[in-house]
Each structure stands twice: as structure tokens, then as C-alpha cells.
Amino acid sequence: MAITFSGVLTCIRRFLRIIMVVLNVIGGLCGLAILVAGAWALVGEGTLVVISPADSEKFTGVPVLMVVLGVFIMILSGLGVVGSIFNKTKWGRVVLIVYAITLAILVLMEIIGGVVAAVRKDDVAALFETSAEATFKEYATKLSNKDVWDNFQRSVECCGVHNYTEFRTLLNISVPESCCNTELIVAPKTCANYSSPLNPGVLWNVGCVDATKNTLANYLAGVAAIAIIFALIQIVIVVVSIFVAAEKNTVKYDTMSSGADKHNLQDDAAESS
């Protein structure tokens, strides 16, 4: 049995259809992960918003965007799966074409978003620092701010806006218990007893702004790496989806070519007779 070019293309397309289904299932799971991360950020971002009330909408917008993006990726991945399975039907090919165009636009948006995030990360850190300084001044006078700062310092393991000395220099109060690892405090001492002389093993001597900047830098580095990998995979999927969507046209062309060759052979036979 002779191996034809159209047969090879058909085998390749069948294999790529399977790959597309697998990749889109993985993409859907990634979308679900982004959705869950955004929802988790919405639930847990209250502390950050209260510490930075002046520009809270700029912080809450990020997790909301993550939720929307997660839902969008899940829907788009679903279209890719459906289009790959039913690519031999007319509506299946339309779904694949729409999917490829939308995915190409998404890749472009991811590249632009990554560049903007890299450029503006220092602005976000500066914004958080300014807002945190404003709420820290109300630590001793506003109970809600005190509770939020205490919880934030315990969770991040930081103390003050820039360092622990600000409680004495700015607020004229002792270093609170939330600045220390309470498990290491030996009674009857308090956290303030470990600030002079400083005992970094018990008292967290890193300011909350610096701790947040470090966390933000690590987070953005991880997001950038994931975004690059995800974008490369999406580019491959765009090319593959267009190739798979063209299957019927190629088969039709091969059929027409075979019919034309058969017709030419019949004409040649008639002329020779």
C-alpha cells in the first residue's frame, strides 16, 4: 500500500488533535488555578487594603482581574477542546478559527501586560509604602488599624513600616508582641525587652515595606517565568489549531486532484484508441 502525502498529513493532524485536546485540558486547569488564586486573594486582601486604604481599589483590581482571566482561559480552553474533537465539521472549524484568533490576541495581551508589570512594579511598591506609613501613624489611636497591623506583622514576620524602632521614634510606644516570635519569649520578658539590645532571633527586625517588596519581587519573577512558558505554549497551539482547522480543505483538494488525474487518464485512453 503506497503512502500518499495526504495520508501523512491526515496522520499528523490526528496526532495534533490529540495534542491540542491535552494542551487545552492543561490550559483549563491553569485557568482554574488562576481563578482560585484570584478568589483567595480577594478573600485575603482585606489586610492589605486596610493598611493601604487611600488606594485600595488599585490593589483589589488585581485579584478581580485574575478571577476574570481564569474564567476566560477556562472558556477558551473549552472551545479548543470542542473545536479539536469536531474539526471535520463546518462549525467545528469555525470554533477552531475563532479560538486561534482569540488565543493570538491573548498572547499579545500577556506580552504587553508582562512588560507593564515589570516597568510598574516599583510604582506599586512605592504606593504601598506611602499608604502604609499613613495607617501606621494611627496604630496607637485607632484599634482597627492596630489589629490589622498586628495580624500583618505576625503573618509576614516584619515589624514597623521600615524597622522596629519606629514604634518608639514615631509612636512613642513599646515594640508590640506582634513583632516577635512569641514562642521564643521567656517570661516575664516582653517583646520590647528583645529590642534593646536587639535579638534578631526573637524580634523581627525587617520592616514590613521591605518584606513586602521582597515578596512582590519573588512573586513577579515567578509570574514572569510562568507567563513566558504559557505564551510559548499558546503560540504553538495557535499554529496547530490553524493547521488542524484546514484538514477538510486539504482533503477536498486531494480529492479534486485525484479526480482530475483520473479524468486526464480517461481522455488519454480515448485519444489513443
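Would you check if there is a residue in segment 6-17 being small (Gly, Ala, Ser), at pLDDT below 75 and open to solvent by less than 80 Å² (accessible area, probe 1.4 Å)? If you could, list the steps in order and put the result at the bottom.
Step one: of segment 6-17, the residues small (Gly, Ala, Ser) are 6-7.
Next, only the ones that are at pLDDT below 75 stay: 6-7.
Checking which are open to solvent by less than 80 Å² (accessible area, probe 1.4 Å) leaves us with 6-7.
Yes, segment 6-17 contains at least one residue that is small (Gly, Ala, Ser), at pLDDT below 75 and open to solvent by less than 80 Å² (accessible area, probe 1.4 Å).
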*asked:* Within segment 136-146, does at least one residue satisfy the condition of being surrounded by fewer than 12 Cβ atoms within 10 Å (Cβ to Cβ) and among the charged types (D, E, K, R)?
replied: no
*Hey, can you tell me all the residues within segment 125-144 that are assigned to a helix (DSSP H, G or I), modelled with pLDDT of 85 or more and farther than 14 Å from Lys213 by Cα?*
Glu133, Ala134, Thr135, Phe136, Leu143
*asked:* With the requirement that a residue be exposed (fewer than 14 other Cβ atoms within 10 Å of the Cβ) and either part of a loop (DSSP other than H, G, I, E, B) or at pLDDT 90 or above (or both), what does segment 158-184 give you?
replied: Thr169, Asn172, Ile173
*Please give the number of the condition Ala187 fails out of (1) hydrophobic (A, V, I, L, M, F, W, C); (2) in a helix (DSSP H, G or I); (3) at pLDDT below 85; (4) more than 30 Å from Glu110 (Cα to Cα).*
(2)
_Return the pair list, or none, for Cβ contacts closer than 6 Å from residues in segment 22-34 that are farther than 12 Å from Phe230 by Cβ to residues that are of a type outside the set (A, V, I, L, M, F, W, C), at least 6 apart or on different chains._
Asn24/Ser77; Asn24/Gly80; Gly28/Ser77
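Can you tell me which residue in segment 74-90 is most open to solvent (accessible area, probe 1.4 Å), limited to those that are among the hydrophobic types (A, V, I, L, M, F, W, C) and at pLDDT 85 or above?
Ile75
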*Test Phe59 against the stated conditions and say whether it is open to solvent by less than 50 Å² (accessible area, probe 1.4 Å) and modelled with pLDDT under 80.*
yes
*Would you check if Leu203 is surrounded by fewer than 18 Cβ atoms within 10 Å (Cβ to Cβ) and either more than 30 Å from Leu79 (Cα to Cα) or hydrophobic (A, V, I, L, M, F, W, C) (or both)?*
no
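The values are calculated or read from the model by the stated rules, or taken from the named source; none is laboratory data. As the structure is a computational prediction, the values presented were derived from the model and not from experiment. No Cβ is skipped: glycine too gets one built from the backbone with ideal geometry, and neighbour counts run over all protein chains shown. Areas reflect the complete protein model, heavy atoms only, side chains present, ligands, DNA and RNA absent. Shrake-Rupley method; radii C 1.70, N 1.55, O 1.52, S 1.80 Å.
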